[in-house]
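Engineer: Let me give you the structure first, and then I'll get to my questions.
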Amino acid sequence: MESIWSSTCRMKERESLKGDIRADVAVIGGGMAGILAAYTLEREGVHTVVLEAERIGGGQTKNTTAKITSQHGMFCRSFIEKKGRETAEKYIQANQAAVEEYKKIIYREKIDCDLEETDSFVYSDDEGSLILEAEAASKLGAPASLVRKLEIPVPCAGAVKFRGQAQFHPLKFLEALKEELTIYENSPVKEIEEERILTAGGSVKADKIIFATHYPFVNFPGMYFTRMHQERSYVLALEGAENIKGMYIGSGPDPLSFRQYGKYLLLGGKSHRTGENKDGCRYEELREAARRFYPRSREAASWSAQDCITADQIPFIGQYASDRPNWFAATGFQKWGMTSSMVSAMILRDRICGRANPYADIFSPDRFSSEEIPQIMKDSGKAVKGLIKRFFHIPGDTVNLIAPGSASIVETAEGKVGVYRAEDGRLFQVDIVCPHLGCQLAWNPDERTWDCPCHGSRFDYEGNLLEGPAQDGIRLECKAGASLG
Ligand SMILES: Cc1cc2nc3c(=O)[nH]c(=O)nc-3n(C[C@H](O)[C@H](O)[C@H](O)COP(=O)(O)OP(=O)(O)OC[C@H]3O[C@@H](n4cnc5c(N)ncnc54)[C@H](O)[C@@H]3O)c2cc1C
């Protein structure tokens, strides 16, 4: 289903790239990170071109909850303990600077994107943790305080509040910001040859390249696939719930998120690692929470999104790899991609313009050690990119076990195949091996998609690519005599 952002903002379409052009910087990917990077560079007089595979904002950004805050959950105390005070301070300062930069841009450009300055809160039922977190946050210079009474009906001991944060409509913001930018939509980048970026319709030769594709799709160098996984979360837009002013998120492993947009209360949560949602009850669990907390509310929309999670909870922003001085990455946003996109834009602008940035070191991708490479490398040998697989013969009695609206991985004489039975009985076969690096896909009943548990690529039941890092779909070609039993 469409998010309320998509249903309340129609973005003007741009042409696809035709022919060969030149730019100082090419940004691949037109989500929040890519558009902010391009805007920020253009303001410095750096000629920047954005290449977007589909539509601007059409990736994760259209399905965010769009809280602009430096309060990334209950993290201050644990950041100080695990990473030291200096890193924790820089992290919070960078994100607080990002909050202020959003406000500055929106006021300067007079962007009508429903910006509301408001406070953010992390709530918990553990009073001791709240006290320690509020102290830690204040020590780091965050605008933090402890509050006992909340406007949301969740049982808890209170919350840590960050003053002066913000929320907005992300697509209205992007629509206004992209006005003056050079953008090509429906122009997926298929290959990069040194400084030349190739699409089906043309190419861009650029001195510098920024990968703002949510998940970097060039596996070598960089090996981001060994350093991040993806997590998916679900959102309901409720009508008729009591309005709230602040933005809320719980602490702990299964936190619920709350914010208001106009007449809608957005209730989010029920995260899981992408590719690990066998039971498919995430929306139902959220609906149960909605009935409990807002019994008079009505569901107006539902949607889901995912984000990249790094091992140390800090995004990767900076030079893509040691042997690619002119390539840059902005990824691993931990579900805090509004401020992280702005932090990326500021760090990459300074880097490309030859200026020092006080926060660049803590986000630098080179903090990675190659010794961290896990087991997953083994999977790369199984990559099947470029192979055309065809329909398999599946015995009828196996197929009959698949209920309408559900899917199964079926063993055949020719190998494993994913089979989905539509409500009307039609069957859809897909290759069950992810074309990115060869992991076996898993069915997500909540979204009726095939999802990769290793790196988070997603495909619809017909096999069309929904989300990378994979760059190809998993459709099987029908061959004469192919049979589903
Ligand atoms: C449920 C949920 C709620 C969230 N809520 C918040 C929140 O309240 N506040 C917050 O700060 N963060 C939030 N986040 C995180 C935030 O939404 C994301 O981090 C952010 O939107 C990512 O933006 P992006 O530009 O990196 O990626 P995207 O928006 O996905 O943009 C990447 C773009 O790259 C394009 N692309 C990919 N491959 C290619 C290619 N080969 N060629 C050309 N283009 C390509 C894609 O089409 C896409 O448009 C949330 C995340 C989730 C999952």
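Derivation of every value follows stated rules applied to the coordinates shown; laboratory data play no part. Here the structure is a predicted model, which means the values were calculated and not measured. As a convention, Cβ positions derive from the backbone with ideal geometry for all residues, glycine included, and neighbour counts pool all protein chains shown.
Engineer: Between beta-carbons, use under 11 Å as the cut-off and find the net charge around A144, counting Lys and Arg +1, Asp and Glu -1.
Structural biologist: On the way: positive: K139, K161, R163; negative: D119, E133, E135.
Combined, the nearby Lys, Arg, Asp and Glu give 0.
Engineer: If each residue's Cβ is checked for other Cβ atoms within 10 Å, how do R14, R458 rank with the fewest at the top? Can you show the working numbers first?
Structural biologist: Values: R14 19, R458 23.
Ascending Cβ contact count within 10 Å gives the list R14, R458.
Engineer: Something else: Using the charge dipole of the chain (Lys, Arg: +1 at Cβ; Asp, Glu: -1 at Cβ; taken about the Cα centre), state which of L174, V399, Q260 has its Cα farthest towards the positive end.
Structural biologist: Q260
Engineer: Round to a whole angstrom and tell me the spacing of the C-alpha centers of the stretch 1-44 and the stretch 180-195.
Structural biologist: Distance between centres, Cα-based: 10 Å.
Engineer: If you put +1 on each Lys and Arg Cβ and -1 on each Asp and Glu Cβ, how big is the dipole of the chain around its Cα centre, in Debye rounded to 20? Mind showing how you got there, number by number?
Structural biologist: Values: 61 positive and 68 negative charges, 81 e Å.
Using only the charged Cβ atoms, the result is roughly 380 debye.
Engineer: Pick out, from Y248, P221, N186, the residue whose Cα sits farthest towards the positive end of the charge dipole of the stretch 168-280, with +1 on the Cβ of Lys and Arg and -1 on the Cβ of Asp and Glu.
Structural biologist: Y248
Engineer: So which of K110/K270; K67/K139; K82/K278; K110/K190; K110/K205 end up more than 31 Å apart by C-alpha?
Structural biologist: Details: K110/K270 36 Å; K67/K139 23 Å; K82/K278 33 Å; K110/K190 36 Å; K110/K205 33 Å.
The pairs that break the limit, which is 31 Å between Cα atoms, are K110/K270; K82/K278; K110/K190; K110/K205.
Engineer: Another question, if that's okay. Describe numerically, in nm with one decimal, the distance between label points set 7 Å from Cα along Cα→Cβ at N400 and at R296.
Structural biologist: Each label point lies 7 Å from its Cα, and together they span 5.3 nm.
Engineer: Place a point 7 Å from the Cα of K139 along the Cα-to-Cβ direction; which residues of the stretch 61-92 have their backbone N under 13 Å from it?
Structural biologist: Residues passing the 13 Å test: 76-89.
Engineer: Between the stretch 57-83 and the stretch 204-236, what is the separation of their alpha carbon centroids in Å?
Structural biologist: 17 Å
Engineer: Take every DSSP beta bridge whose two residues both sit in the chain, then give the antiparallel share in percent to the nearest 5.
Structural biologist: 75 percent
Engineer: Return the loop-located trypsin sites (Lys or Arg not before Pro) in the stretch 280-320 (DSSP other than H, G, I, E, B) with at most 11 other Cβ atoms within 10 Å of their own Cβ; answer none if there are none.
Structural biologist: Details: sites: R282, R287, R291, R292, R296, R298; in loops: R296.
Those that pass, being in a loop and sparsely packed, are R296.
Engineer: Using the count of nearby Cβ atoms within 10 Å as a rough guide to exposure, how do F220, F75, F211 rank from fewest to most? Show your work: numbers first, answer last.
Structural biologist: Values: F220 8, F75 21, F211 26.
Final ranking by Cβ density, sparse to dense: F220, F75, F211.
Engineer: So how do L171, L256 line up by other beta-carbon neighbours within 10 Å, fewest first?
Structural biologist: L256, L171
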